[in-house]
Structures are given as structure tokens and as C-alpha cells.
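Engineer: Structure incoming, see below.
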């Protein structure tokens, strides 16, 4: 990836993070609030999800059109990022005081689960994949 693409990806990530901060603690009642045209907050959020999905297809065609096939590693990275997005959606709006609450006998707390995920990713990528591939940002071929 080049510097320009890195910049665009960062902008996409940043604006989504900013949006998540605004949306995370809205109540169900607030989701139904409507603007002067009658469009609800819920409709805006759904429209953004649909917009992303529409442009996924658009980008697939664009990559094909410019002759830039997606490598297997990029497909796998996309799956990993999609799974993380789903996870982040599940914990969005969670209050800090819920992180350590026991919710079921013998089960990890939410904090334990999240910390485990961080450590596992570090172990898998930094301690295994990075060493096998020969260093930071190494290209395997």
C-alpha cells in the first residue's frame, strides 16, 4: 500500500470512530427522532450501512477495472477486519462498570474476553506471522 491509500484508510477509520462516539449511547427513543424532512436517526444509520455495502460492490468492480486483483492476504485481512467491526459493534455503548461484572458462573468477564483478544492477536501476528514472514510489513512474495 502507498502513502495516499494509507491516508484514505485512516480517514475512513477516523470518521467511523467519530460517528461511533456520537451514536454509541443513543437511546431507542433517540433513534426515532426525525429531522425536518421526516428522516429518523435510525434511517440515517441504516443508510450509511447500505451505502458502505453499495460501495463494496463498486470497489470490487473498480479494482477489476483497473487490473488490480485482490491478493489472498488482502481477502483474509478483510475478513479479519469485518469480524472486528462486528465485535466493536457488539461492545459499542457498553458502560465501563459492566466490564468486570460476573454474568455467568465460570465465564470470563467482558474485560477478560477483550484483553484475551488483544493478547491473542499480538501473539499470532507479532510473535508468529511477523517472524515467519521476516519482519514488519514483510512481503511474502
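Engineer: How do 1, 117 rank when sorted from fewest to most other Cβ atoms within 10 Å of their own Cβ?
Structural biologist: On the way: 1 9, 117 12.
Placing the least packed residue first, the sequence is 1, 117.
Engineer: Would you mind calculating the gained length between residue 98 and residue 19 on full extension (0.36 nm times residue separation, minus the Cα-Cα distance), in nm to one decimal?
Structural biologist: 26.2 nm
Engineer: Considering only 105, 29, 54, give the residue with the highest GNM mean-square fluctuation for the chain, with springs between Cα atoms whenever their separation is below 10 Å.
Structural biologist: So, out of 105, 29, 54, the one fluctuating most is 105.
Engineer: Still on this model: Based on the Cα atoms of the stretch 11-93, what semi-axes does the equivalent ellipsoid have, where each is the square root of 5 times one gyration tensor eigenvalue, given in whole Å with the largest first?
Structural biologist: 30, 17, 9
Engineer: Further, regarding this structure: For the stretch 25-72, I need the span (max minus min coordinate) of the C-alpha atoms along each principal axis, in Å, sorted largest to smallest.
Structural biologist: Dimensions of the stretch 25-72 along the principal axes of its Cα atoms: 46, 24, 9 Å.
Engineer: Using 0.36 nm per residue of separation minus the Cα-Cα distance, give me the extension gain between residue 112 and residue 51 in nm, one decimal.
Structural biologist: 18.5 nm
Engineer: At 222 nm, what helix-only mean residue ellipticity would the chain give, in deg cm²/dmol to the nearest 500, using -39500 (n - 2.57) for each DSSP H run of four or more? Let's see the in-between values first.
Structural biologist: Values: 6 runs with 86 residues, N = 141.
Value at 222 nm, helices only, nearest 500: -20000 deg cm²/dmol.
Engineer: Hey, another quick one. Fewest to most neighbouring Cβ within 10 Å: what's the order for 114, 59?
Structural biologist: 59, 114
Engineer: Pairs of alpha-carbon atoms within less than 8 angstrom and 6+ residues apart define the contacts here; what relative contact order does the chain have, in percent? Spell out each step's value before the answer.
Structural biologist: Values: 35 pairs, mean separation 15.5, N = 141.
About 11 percent, as a whole number.
Engineer: If packing is taken as the average count of other Cβ atoms within 10 Å, what order do 19-26, 62-69 fall into, highest mean first?
Structural biologist: Values: 19-26: 12.5, 62-69: 9.4.
Going from most to least packed, we get 19-26, 62-69.
Engineer: Using only alpha-carbon positions, what ratio does the radius of gyration of the chain give when scaled by 2.2 N^0.38 Å?
Structural biologist: On the way: Rg = 19.3 Å, N = 141, 2.2 N^0.38 = 14.4 Å.
That works out to 1.34 for the chain.
Engineer: Multiply the residue gap between residue 5 and residue 43 by 0.36 nm, knock off their C-alpha separation, and tell me the result in nm, one decimal place.
Structural biologist: Here the segment from residue 5 to residue 43 would lengthen by 10.7 nm.
Engineer: Take 103, 108 and order them by how many other Cβ atoms sit within 10 Å, fewest up front.
Structural biologist: 103, 108
The numbers here are math on the coordinates, done by the rules we state, and not lab data. From a predicted model like this one, the values you see are computed outputs, not experimental measurements. Ideal geometry is used to build each Cβ from the backbone, glycine not excepted, and the neighbour counts take in all protein chains shown.
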